[in-house]
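Enquirer: Below: one structure in structure tokens.
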Amino acid sequence: MLILASQSASRRAMLDAAGVPFTAMAAGVDEDAMKAGLRAEGVSPRNLADALAELKATKLSRRHPTDLVLGCDSTVAFDDGTMIDKAESREAQRDLLLRLSGQRHKLHSAAVICEGGAPVWRHVDSATLHVRPLGEAFVDAYLDAEWPEIGHCVGGYRIEGRGAQLFSRIEGSQFTILGLPLLPLLDYLRLRGVMPS
């Protein structure tokens, strides 16, 4: 059985749409504390996503050792490696969107599968997103339509919806931007017999 160690609606929707049989369970990890510790050690945004995905999968895999447990995480950062966090308020989200205006940033999505409490597969994929120049009136109208729903989205956008209007160009997979490198995952699940080949 495949267990998704996440309650993420977008990850569940991707797996459902792809026809993947799975059960979703909360990983039960203190993600904020782990993230703060790794960032204090200078771990790169890419490696941070990988470490957090592994942490979630490993913890749940110890409780379900005979199943495949999928942990996922995503990070967002400017080109210089400065991390972008979830905004804590509408005003902070407005400030962030204006800071992103005309800039590019990278989104890293990691997936790790554990079995018997140990990683057996991992993949990290990255996408580069180019934000078009944003006018203040546009940002305010965007927030009127999208806040508070985007408050749980790092960067403040849902690419599958109105957030697509923020970008002039995207390099990379939309699955990655949604939080899961889906195609490599499907390859592994076929290899393991979870999905037909």
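The values are calculated or read from the model by the stated rules, or taken from the named source; none is laboratory data. All values derive from a computational prediction rather than experimental measurement. Neighbour counts are summed over all protein chains in view; Cβ atoms, including those assigned to glycine, are modelled from backbone coordinates with ideal geometry. In case anyone asks, the SASA skips ligands and DNA or RNA and just uses the protein heavy atoms, side chains included. Shrake-Rupley method; radii C 1.70, N 1.55, O 1.52, S 1.80 Å.
Enquirer: Residue by residue through segment 164-197, note down the ones that are more than 23 Å from LEU98 (Cα to Cα), polar (S, T, N, Q) and not in a helix (DSSP H, G or I).
Expert: SER173, SER197 - these are the residues of segment 164-197 that are more than 23 Å from LEU98 (Cα to Cα), polar (S, T, N, Q) and not in a helix (DSSP H, G or I).
Enquirer: To continue, here is another question. Can you name every residue in segment 9-23 that is crowded, with 17+ Cβ neighbours inside 10 Å and farther than 18 Å from LEU183 by Cα?
Expert: Of everything in segment 9-23, nothing turns out to be crowded, with 17+ Cβ neighbours inside 10 Å and farther than 18 Å from LEU183 by Cα.
Enquirer: Can I ask one more? Acidic (Asp, Glu) and buried (at least 19 other Cβ atoms within 10 Å of the Cβ) - does that describe any residue in segment 101-121? Break it down into steps so the answer makes sense when it comes.
Expert: Restricting attention to segment 101-121, the residues satisfying the condition of being acidic (Asp, Glu) are 115.
Remaining after also requiring buried (at least 19 other Cβ atoms within 10 Å of the Cβ): none.
The answer is no; no qualifying residue exists.
Rundown of residues vs (1) at pLDDT below 95; (2) under 30 Å from LEU191 (Cα atoms); (3) touching a strand residue (DSSP E or B) at 6+ places or on another chain (Cβ under 6 Å), yes/no style:
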site: ALA57; (1), (2), (3): no, yes, yes
site: LEU68; (1), (2), (3): no, yes, yes
site: ASP79; (1), (2), (3): yes, no, no
site: LEU97; (1), (2), (3): no, no, no
site: GLY102; (1), (2), (3): no, no, no
site: THR128; (1), (2), (3): no, yes, yes
site: ASP140; (1), (2), (3): no, no, no
site: ALA145; (1), (2), (3): no, no, no
site: GLU149; (1), (2), (3): yes, no, no
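Enquirer: Can you tell me which residue is nearest to MET83 (Cα to Cα) among those in segment 29-47 that are open to solvent by less than 50 Å² (accessible area, probe 1.4 Å), of a type outside the set (A, V, I, L, M, F, W, C) and touching a residue at least 24 places away in the same chain (Cβ under 8 Å)?
Expert: We begin by selecting, within segment 29-47, every residue open to solvent by less than 50 Å² (accessible area, probe 1.4 Å); these are 29, 35, 37-38, 43-45.
Restricting the remaining residues to those that are of a type outside the set (A, V, I, L, M, F, W, C) gives 35, 37, 44-45.
Now narrow it down to the ones that are touching a residue at least 24 places away in the same chain (Cβ under 8 Å): 44-45.
Details: SER44: 9, PRO45: 7 Å.
The qualifying residue nearest to MET83 (Cα to Cα) is PRO45.
Enquirer: With respect to ARG132, determine if the residue is open to solvent by 50 Å² or more (accessible area, probe 1.4 Å) and under 18 Å from ASP73 (Cβ atoms).
Expert: Values: open to solvent by 50 Å² or more (accessible area, probe 1.4 Å): yes; under 18 Å from ASP73 (Cβ atoms): no.
Against the criterion (open to solvent by 50 Å² or more (accessible area, probe 1.4 Å) and under 18 Å from ASP73 (Cβ atoms)), ARG132 does not qualify.
Enquirer: Only one residue in GLY117, GLY102 is out of contact with any Cys (no Cβ under 6 Å at 6 or more places or on another chain) and either without any contact (Cβ under 8 Å) to a residue 40 or more places away in the chain or acidic (Asp, Glu) (or both), so which one is that?
Expert: Details: GLY117 fails: either without any contact (Cβ under 8 Å) to a residue 40 or more places away in the chain or acidic (Asp, Glu) (or both).
Testing whether each residue is out of contact with any Cys (no Cβ under 6 Å at 6 or more places or on another chain) and either without any contact (Cβ under 8 Å) to a residue 40 or more places away in the chain or acidic (Asp, Glu) (or both) leaves just GLY102.
Enquirer: In the set LEU191, LEU178, LEU185, which member is under 19 Å from GLU115 (Cβ atoms) and buried (at least 19 other Cβ atoms within 10 Å of the Cβ)?
Expert: On the way: LEU191 fails: buried (at least 19 other Cβ atoms within 10 Å of the Cβ); LEU178 fails: under 19 Å from GLU115 (Cβ atoms).
Selected residue: LEU185, the only one of LEU191, LEU178, LEU185 that is under 19 Å from GLU115 (Cβ atoms) and buried (at least 19 other Cβ atoms within 10 Å of the Cβ).
Enquirer: I'd like to know if segment 83-93 contains one or more residues that are in a loop (DSSP other than H, G, I, E, B) and touching a strand residue (DSSP E or B) at 6+ places or on another chain (Cβ under 7 Å).
Expert: no
Enquirer: Another question, then. What number goes with the only condition from (1) assigned to a strand (DSSP E or B); (2) closer than 23 Å to VAL43 by Cα that GLY155 does not pass?
Expert: (1)
Enquirer: Considering only residues that are touching a Cys at 6+ places or on another chain (Cβ under 7 Å) and farther than 21 Å from THR176 by Cβ, look in segment 48-68 and name the one that is surrounded by the most Cβ atoms within 10 Å (Cβ to Cβ).
Expert: The residue in question is SER61.
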